[in-house]
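Before any comments, here is the structure.
The values are calculated or read from the model by the stated rules, or taken from the named source; none is laboratory data. The structure presented is a predicted model; accordingly, all values stated were derived computationally and were not measured. Because the Cβ atoms are built from the backbone with ideal geometry, glycine has one as well, and the counts that use them run over all protein chains shown.
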Amino acid sequence: MTGDNHFSKIISVKLISLILITGSIVLNGCLEEDFFGLSSFGEIKEIEIENQASQAIIKSQSKEIIIEMPGGVDISEVSIQKLTLSSFAKSDKNVGDEINLNDSITFNITAEDGTLTIWKIFSNVASSTPQIPNSDFNVWYKTSGGYYEPGENAETTVWGTGNPGTNILGLLATTPIEISDGNLAANMITLDNGKLSGSFGAPISAGSIYTGKFNPDKIDLSNPAAAIEFGTPFSGRPNSFKLKYTYQPGPENKDKNGNLLNFDDQCDIYALLEVRKSNEVQRLATAWFRSDEIIENPEDLEVQFIYGELDNSFPEFMKPPNGKYVTGDSVGFILPTHITFVASSSFNGNNFAGAIDSQLIIDELELNYN
């Protein structure tokens with residue numbers, strides 16, 4: 001999914017626009033790939049199959065892909081939902097095509113220079129109680145920009161942060177932190193972007209972490225949010241999520257114009273179960289925590305999933321912007337196709353409001369099925 005209200009938690013649209021414009025010379029200098037000769041790469045970088053239970057495991061060296069499918073799902077005719085290849089490469093199978101995953105499937109990828117690479121796709125039956133990979137936040141990789149992001153590498157991680165944008169400003173709002181010997185956590189801090197960014201109406205960057213990807217191939221100066229793809233394939237029906245966290249709101253909560261607000265900053269931690277099909281997103285379940293309480297030492301937090309439509313007793317920010325939920329007769333049994341998890345050190349980053357030095361640390365995220 002691109003858009004929704006999650007993007008505001010990662011980094012503001014105006015700030016992204018400013019960053020992209022600043023970096024446009026670098027980007028434009030990289031567009032003429034065939035200056036270096038025709039590409040011989042025939043990689044499958046990303047693939048999603050209808051109803052798949054988790055992110056595909058792509059083994060680039062052996063040219064094999066393993067896709068987990070929920071038990072009981074008919075996999076004899078499932079459609080390809082997403083297929084991302086090396087630049088200028090072509091596949092003999094495309095988005096919308098139906099494949100039979102009862103047996104291994106062959107994808108023939110032809111590189112720009114005509115080199116043929118043969119990939120094999122296998123399926124496994126997924127667990128009925130899946131977890132989000134690396135949800136203990138112990139694994140981080142070093143990016144080409146020299147900073148760290150959650151996951152083993154950029155190709156396989158299900159996690160993203162706002163760092164690809166703020167790094168251009170020399171800022172990192174989300175970093176790993178060692179909270180005990182060998183135990184890392186995600187550390188999010190709301191940062192001052194400086195006077196220049198403030199003059200463009202983007203005075204702060206809230207620290208954040210989310211399931212999804214930043215896709216540089218989809219950078220669009222007229223629609224910066226198009227580069228963020230929220231959520232990851234998922235097929236479980238958890239009752240709640242729990243984690244350990246600390247939170248300290250910054251001393252001065254301000255709006256984007258620098259005016260002092262009469263309430264403290266708050267953290268946001270939430271998870272959404274979604275059913276995505278035919279380019280429509282329907283909400284299945286919602287679990288949301290927002291608080292300004294000071295938590296100095298790590299505490300356990302558990303947030304229940306609410307399945308089905310949210311009535312008027314719930315605040316508007318918890319509801320889907322498109323107003324769409326799964327139908328009432330399917331709430332009790334339908335499996336989600338994706339999960340979106342987001343945590344942020346300042347809840348109101350979409351309005352460029354927040355307190356500098358607000359700090360949220362989360363660790364040991366777990367989905368409960370009891």
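Computed values, structure above
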quantity	calculated
Within region 188-229, considering residues that are within 13 Å of the chain's Cα centre (by Cα) and closer than 19 Å to Asn351 by Cβ, the one modelled with the lowest pLDDT	Ala225
Region 181-209, subset of a type in the set (Ser, Thr, Tyr) and in contact with a Ser or Thr (Cβ under 8 Å, 6 or more places away or on another chain), residue nearest to Ile228 (Cα to Cα)	Ser208
Residue list for region 226-284, filter: under 21 Å from Asp363 (Cβ atoms) and polar (S, T, N, Q)	Thr232, Asn239, Ser240, Thr246, Gln248, Gln266
Yes/no for Ser60 being over 24 Å from Gly231 (Cβ atoms) and either of a type in the set (Lys, Arg) or modelled with pLDDT of 55 or more (or both)	no
Of the criteria (1) buried (at least 19 other Cβ atoms within 10 Å of the Cβ); (2) within 20 Å of Lys242 (Cβ to Cβ); (3) of a type in the set (Val, Ile, Thr), which one Ile306 fails	(1)
Residue in region 59-77 that is surrounded by the most Cβ atoms within 10 Å (Cβ to Cβ), counting only those that are under 19 Å from Ser127 (Cβ atoms) and touching a Leu at 6+ places or on another chain (Cβ under 9 Å)	Ile67
Region 67-93, residues that are under 24 Å from the mean Cα position of the chain (by Cα) and more than 18 Å from Gln55 (Cβ to Cβ)	Ser86, Ser87
Residues being more than 15 Å from Gly212 (Cβ to Cβ) and in contact (Cβ under 8 Å) with a residue 12 or more places away in the chain - total across region 148-181	14
Total residues in region 325-347, condition free of Cβ contacts under 8 Å to residues at least 60 places away in the same chain and closer than 21 Å to Phe289 by Cα	1
Yes/no for Pro315 being on the phi < 0 side of the Ramachandran plot and either crowded, with 18+ Cβ neighbours inside 10 Å or among the basic types (Lys, Arg) (or both)	no
Scan of region 249-284 for residues that are within 24 Å of Gln304 (Cβ to Cβ), in contact with a Ser or Thr (Cβ under 9 Å, 6 or more places away or on another chain) and part of a strand (DSSP E or B), ordered by number	Cys267, Asp268, Ile269, Tyr270, Ala271, Leu272, Leu273, Glu274, Val275, Arg276, Gln282, Leu284
Selection count where residues are hydroxyl-bearing (Ser, Thr, Tyr), more than 18 Å from Ser344 (Cα to Cα) and assigned to a strand (DSSP E or B), scope region 129-187	2
Residue match in region 95-110 (condition: within 14 Å of Ile44 (Cβ to Cβ), surrounded by fewer than 14 Cβ atoms within 10 Å (Cβ to Cβ) and under 24 Å from the mean Cα position of the chain (by Cα))	yes
Residue within region 304-322 that is charged (D, E, K, R) and modelled with pLDDT under 95 present	no
Any hit, region 307-317, residues being touching a helix residue (DSSP H, G or I) at 6+ places or on another chain (Cβ under 8 Å), in a loop (DSSP other than H, G, I, E, B) and without any contact (Cβ under 8 Å) to a residue 60 or more places away in the chain	yes
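Quick grid of which residues meet (1) surrounded by fewer than 16 Cβ atoms within 10 Å (Cβ to Cβ); (2) small (Gly, Ala, Ser); (3) more than 30 Å from Ile80 (Cα to Cα):
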{"residue": "Thr246", "(1), (2), (3)": "no, no, yes"}
{"residue": "Lys254", "(1), (2), (3)": "no, no, yes"}
{"residue": "Asn257", "(1), (2), (3)": "yes, no, yes"}
{"residue": "Asp265", "(1), (2), (3)": "no, no, yes"}
{"residue": "Asn279", "(1), (2), (3)": "yes, no, no"}
{"residue": "Asp300", "(1), (2), (3)": "yes, no, yes"}
{"residue": "Leu310", "(1), (2), (3)": "no, no, yes"}
{"residue": "Val331", "(1), (2), (3)": "yes, no, no"}
{"residue": "Asn351", "(1), (2), (3)": "yes, no, yes"}
